[in-house]
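Participant: I'd like to ask some things about the structure below.
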Amino acid sequence: MNLPLLRRLTPLFECLGRPRTLVALFLLCALPTGLGCAMLSPLGAPPDEMAALARVDGLRLGQVLNAPPPPPSGSPGVLIDSGVSDLILSMDGLIFSGYDTNGNVPPSLLARAAAIHWSGTNTFCMTQMVMYSPVFYAPATLGLWAGKAAGMGPFHAAYLARVLMLLTYIAMGAAALRLARFGGGLLFVALTLPTSIFLGASCNQDGQLIAACALAAALLTRVKPAAWWGALALLTAITLGKISYGLLMLFCLAPLRGPGIARRAGAVALAALLPGLWLLHIHNLGFAPWPWPPYHPGPLWPGDRTVWLHDARPENNVRVLLAHPAQILLLPLHSLAAHWHDTWRRILACVSVDFVLLRPWEYPCLVAALGFAAMAPAAPGRHWLAADAGLGLLILFGSFMGVELSLYLTYTPAGEALVAGVQGRYFLLLLPFCIFPLSWIMARLPWRGLPAGLFCLPGVALALVNILALPLFLFQLFRMAGP
């Protein structure tokens, strides 16, 4: 290593690692990249977006919880404008027609979608998105309402909803980078990953959840009570959004050896009552089992495997786990190992319904950016202690297990030996919290005296490249110049 050159560049690296610099770079990169993602991809390209749009229009019409389903359906859903229903059906037809293979969105389809008007009459739309609390759908709801008020049709109002979701994502991300006392480089990379930006510029709440996790982690790096309460409020909202991430609330217990641990534990327990009440609401709402074509149960099924089943009922795989308790631990680990050759790419850069990946050159660059950011040292006195770092690792492992097992219970056909439906984006919510165990590890490695900004360079460089590269890829994929 050229030490004299490194010494001369140290002020530059120190500037690069400062929160204000990272915020400025994040705004410079995330806004144009996100707008490109929002404008150059068709509605429904992001995962579950059309189901989310139904949830959003239901919220616009006051369906905060759900609407009574008409008989004989019995499935949860909301009342939405018939025009929005027509838009959903139109764009769903595009998604399932295989645009990922022909690389083209027909202009005639976009013209038909743009011609759809608000009907003024409501229709019932089944969507399991009512299982998620409305908190992180608020920006999209405001966008849909504002678009209608401004005279836009449902098609263009949905794109406005995307833009407001993106602006909220950027606001939370910028706040996280400004407030983080350590781990800013890793938060920057997590927030500028193509998957994160693409989700942040959609009506799917997952982008909002990723940014909220980054902000919660940043607040927990601070020592002020207001920051702690803010982190607890965010983690409560995240758990309301997706119950399977509830263990993340336990990050608020740190520092374990600090004063007031009993008070913190009590506050976390009280906050957990809200997700608990929401879980009761979901149970009373009546979970609609995910339908599957007729199948015989898998190898772990404890009963007669010649029977025919037609859906993924939670009680079926609860029966499997009770019959094979060791699989509670083994199934998630085995499934992760079996799918990892695809999952790691989908975590870093997936820009559609979990099957459209970026060009191959991007993946080693993303791995390098993430790896360098993870190795950044924390300043002296700004890292977690061993006990807290160990707690963080346990929480992250438990959250991973929760994500995998929730999908085994609610989506996987009965008795299967692998978890089905796990998508890379589900693990992005855990990435910001890795700064806590990493801060303890990196404080003990030989390069702990180097400026943290040095380790941000690959992530910043790639984010700058993606200002052009990611929107250009989407344009070449979908061949649409905007809504």
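The values are calculated or read from the model by the stated rules, or taken from the named source; none is laboratory data. Source: prediction; values computed, not measured. Cβ: placed from backbone, ideal geometry, glycine included. Neighbour counts: every protein chain shown. We work out accessible area using only protein heavy atoms, side chains counted, and drop any ligands, DNA or RNA first. Shrake-Rupley method; radii C 1.70, N 1.55, O 1.52, S 1.80 Å.
Participant: Going through ALA338, ALA368 one at a time, which residue ends up being open to solvent by 30 Å² or more (accessible area, probe 1.4 Å), modelled with pLDDT of 90 or more and either farther than 24 Å from VAL189 by Cα or not in a helix (DSSP H, G or I) (or both)? First the steps, then the outcome.
Facilitator: Working: ALA368 fails: either farther than 24 Å from VAL189 by Cα or not in a helix (DSSP H, G or I) (or both).
Just one listed residue meets the conditions, ALA338.
Participant: Select from the stretch 190-226 the residues that are assigned to a helix (DSSP H, G or I) and open to solvent by 10 Å² or more (accessible area, probe 1.4 Å) and write down the one among them that is nearest to PRO134 (Cα to Cα). Working first, answer last.
Facilitator: To start, the set of residues in the stretch 190-226 that are assigned to a helix (DSSP H, G or I) comprises 190-192, 194-200, 206-220, 225-226.
Subsequent filtering for residues that are open to solvent by 10 Å² or more (accessible area, probe 1.4 Å) retains 192, 215, 219-220, 225-226.
Details: THR192: 25, LEU215: 19, LEU219: 23, LEU220: 25, PRO225: 27, ALA226: 25 Å.
Per the criteria, the residue is LEU215.
Participant: Cβ-Cβ under 9 Å, sequence separation 6+ or interchain: first residue in the stretch 379-399 and more than 15 Å from LEU445 (Cα to Cα) and of a type in the set (Ser, Thr, Tyr), partner open to solvent by 70 Å² or more (accessible area, probe 1.4 Å) and modelled with pLDDT of 85 or more. Which pairs?
Facilitator: From the stretch 379-399, the pairs are SER399/LEU247.
Participant: For the stretch 159-171, state whether one or more residues are in a loop (DSSP other than H, G, I, E, B) and within 30 Å of PHE26 (Cβ to Cβ).
Facilitator: Applying the first criterion (in a loop (DSSP other than H, G, I, E, B)) to the stretch 159-171 yields none.
No, the stretch 159-171 contains no residue that is in a loop (DSSP other than H, G, I, E, B) and within 30 Å of PHE26 (Cβ to Cβ).
Participant: It is to be established whether one or more residues within the stretch 62-70 are buried (at least 24 other Cβ atoms within 10 Å of the Cβ) and over 16 Å from MET480 (Cβ atoms).
Facilitator: No, there is no match, as no residue in the stretch 62-70 is buried (at least 24 other Cβ atoms within 10 Å of the Cβ) and over 16 Å from MET480 (Cβ atoms).
Participant: Given VAL318, VAL268, which one is closer than 15 Å to VAL419 by Cα and surrounded by 11 or more Cβ atoms within 10 Å (Cβ to Cβ)? Step through it out loud before you land on a result.
Facilitator: On the way: VAL268 fails: closer than 15 Å to VAL419 by Cα.
Just a single option satisfies the conditions, and that option is VAL318.
Participant: Which condition from (1) at pLDDT 95 or above; (2) open to solvent by less than 40 Å² (accessible area, probe 1.4 Å) is the one that GLY424 breaks?
Facilitator: Status for GLY424: all satisfied but (1).
Participant: Let me ask something additional. Report the residue count in the stretch 427-483 for those that are over 30 Å from LEU405 (Cβ atoms) and either in a helix (DSSP H, G or I) or open to solvent by 30 Å² or more (accessible area, probe 1.4 Å) (or both). Working first, answer last.
Facilitator: Taking the stretch 427-483 first, the residues over 30 Å from LEU405 (Cβ atoms) are 442-483.
Still in the running and either in a helix (DSSP H, G or I) or open to solvent by 30 Å² or more (accessible area, probe 1.4 Å) (or both): 442, 444-450, 452-479, 481, 483.
Result for the stretch 427-483: 38.
Participant: Could you list, ordered by first residue, the pairs with Cβ atoms under 6 Å in which the first is in the stretch 261-284 and closer than 13 Å to LEU65 by Cα and the second is in a helix (DSSP H, G or I), at least 6 apart or interchain?
Facilitator: TRP278/LEU240; LEU279/ILE243; ILE282/MET131
Participant: Spot the failing condition for PHE182; the list is (1) buried (at least 24 other Cβ atoms within 10 Å of the Cβ); (2) part of a helix (DSSP H, G or I), and only one is missed.
Facilitator: (2)
Participant: Run down GLY421, GLY415 and say which single residue is in a loop (DSSP other than H, G, I, E, B) and in contact with a Pro (Cβ under 7 Å, 6 or more places away or on another chain). It would help to see each step written out before you state the result.
Facilitator: On the way: GLY421 fails: in contact with a Pro (Cβ under 7 Å, 6 or more places away or on another chain).
Answer to the check: GLY415.
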